[in-house]
Structure formats: C-alpha cells, structure tokens
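Contents: one structure, followed by commentary.
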Amino acid sequence: EAGVAQSPRYKIIEKRQSVAFWCNPISGHATLYWYQQILGQGPKLLIQFQNNGVVDDSQLPKDRFSAERLKGVDSTLKIQPAKLEDSAVYLCASSSPVGEGYTFGSGTRLTVV
Amino acid sequence: GENVEQHPSTLSVQEGDSAVIKCTYSDSASNYFPWYKQELGKGPQLIIDIRSNVGEKKDQRIAVTLNKTAKHFSLHITETQPEDSAVYFCAVPSNAGGTSYGKLTFGQGTILTVHP
C-alpha cells in the first residue's frame, strides 16, 4: 500500500510571499488532516477534512491560510502572505473511517526568510 | 480542549536498558491512545496504540500501559537498540464530526537517545 505523498519536500520563501503544499492520501481514506509542526514541538492540527468537507478548521489562521480537498482525494494547503513564524514542517495525514489510525506523510519543511 | 503532558523531554539510555515515557491527559472521555515515533526528516509513524477496554498491550519490545483512573498512559521500550533513537510522541484524540478518529492532540515529544 502506497503511503501519504506530499510535495514539495522543502521550500524556502521570503516573508509576504505565497506558497502551496500538496498532499495525496492513502487510497480510500476519507479523512485527511493538515498538521503544523514547529521545531521542537508536537504536531498541531490546522484542518481536518471528511471526504471534501471541512470537519474542523478551528486552529487554521484563516486570514492567511486556506485549504481545499478537491473531489475528496488530493488536498492543497496555501499560505498567503507568509510570515516568519510560519516556518515549520507541514504534515499531511489520512485515516480510514474504520479506525486504522493515522498515516502521516514525510512533510514539507517550510522556511520563511 | 484536550491537554496532554509528556515526560521526560529527553531520555538517554545505554543499549539494552529499558526506557519509559509517560503521558497524562485531561479529557476523561478519551478512549484511544497512540504512540508515534518520528525519525529525522520523516513524519510520525504509529508504533503502538491502546484502547480503553484494555490496560496493557505488547508488541515485541514495546508496550503501552493505560491507567484511565489516573488519566495517564506510558510507553515502555525494553532491550533498547541504537535504532530506537528518535523523538516519541503520545497523542490523544477528540472525536470530531462523527469520524472514528478525529483531531489528535500531541504531547511535546521525548527525544530518546540510545548509546551503543
């Protein structure tokens, strides 16, 4: 079984620029998550999708972050404009509705300079 | 919301020794308790989990124990090996939107170093 695919692996941008991350979950997993992991901390949920609907986006900074999940499969997370404090690893995860637990991708490491 | 405290933040052991990491949580309704291992440059990987109808679960050299009354659960690694060196996270879910496993609240992480 293929894992959760994410791209790019690394991204360096200047503050106030925009950036987008892509995620392809495990086939058949209805639930998709985006987490932000700041260096030295545990991951923190940004947004959760069930199929193509948003379940929880309470911790998503909506003034600059947006996410979508087209056709209930792939997802993109966008930041516009980026701030220095957005430097982090952005992790995508998916889970089966029958409760297999999360599978995380390798993440995208974002550096904002 | 859920509050998860993980200790210790760093743990250094000699190869062959045991390692124990503990997590406490605040929401007594939680009923699923996973542990993740994160190696450098990779995403967290589920290594073991326990559900609230059991008190202990083992998988070869790793085990998880759960005390629901005290609201804590622990990861035990026996006969540690250098390849066990990584960051370990506990997590506690809150079921959101009717999904089986929703938002995970993670502990702060424990950096485990196993010296040969």
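Quick look at the numbers
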read-out	value
Subset of the stretch A:6-35 (residues that are within 11 Å of chain B (Cβ to nearest Cβ) and closer than 16 Å to B:G41 by Cα)	A:Q6, A:R9, A:Y10, A:Y35
Matching residues in the stretch B:85-116 - criterion: being surrounded by fewer than 18 Cβ atoms within 10 Å (Cβ to Cβ), modelled with pLDDT of 75 or more and farther than 13 Å from B:L11 by Cα	B:Q108, B:P116
Flag for A:K44 being away from every other protein chain (no Cβ under 14 Å) and open to solvent by 60 Å² or more (accessible area, probe 1.4 Å)	no
Test: residue in the stretch A:13-33 that is crowded, with 18+ Cβ neighbours inside 10 Å, closer than 30 Å to B:P8 by Cα and more than 10 Å from the chain's Cα centre (by Cα)	no
Test: residue in the stretch A:79-91 that is open to solvent by 10 Å² or more (accessible area, probe 1.4 Å), under 30 Å from B:P8 (Cα atoms) and either in contact with a Phe, Trp or Tyr (Cβ under 9 Å, 6 or more places away or on another chain) or at pLDDT below 95 (or both)	yes
Those residues of the stretch B:68-83 which are more than 25 Å from A:Q36 (Cβ to Cβ), open to solvent by less than 10 Å² (accessible area, probe 1.4 Å) and of a type outside the set (S, T, N, Q), in sequence order	B:I77
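Conditions (1) hydroxyl-bearing (S, T, Y); (2) under 23 Å from A:S58 (Cβ atoms), marked per residue:
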position	(1), (2)
B:T10	yes, no
B:K22	no, no
B:Y25	yes, yes
B:N31	no, yes
B:Q38	no, no
B:V64	no, no
B:I77	no, no
B:P93	no, yes
B:Q108	no, yes
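The values are calculated or read from the model by the stated rules, or taken from the named source; none is laboratory data. Being a predicted model, the structure only gives us computed values, none of them experimental. Reconstructed Cβ throughout: ideal geometry from the backbone, glycine too, with neighbour counts over all protein chains shown. Just the protein is used for accessible areas: all its heavy atoms, side chains included, with ligands, DNA and RNA removed. Shrake-Rupley method; radii C 1.70, N 1.55, O 1.52, S 1.80 Å.
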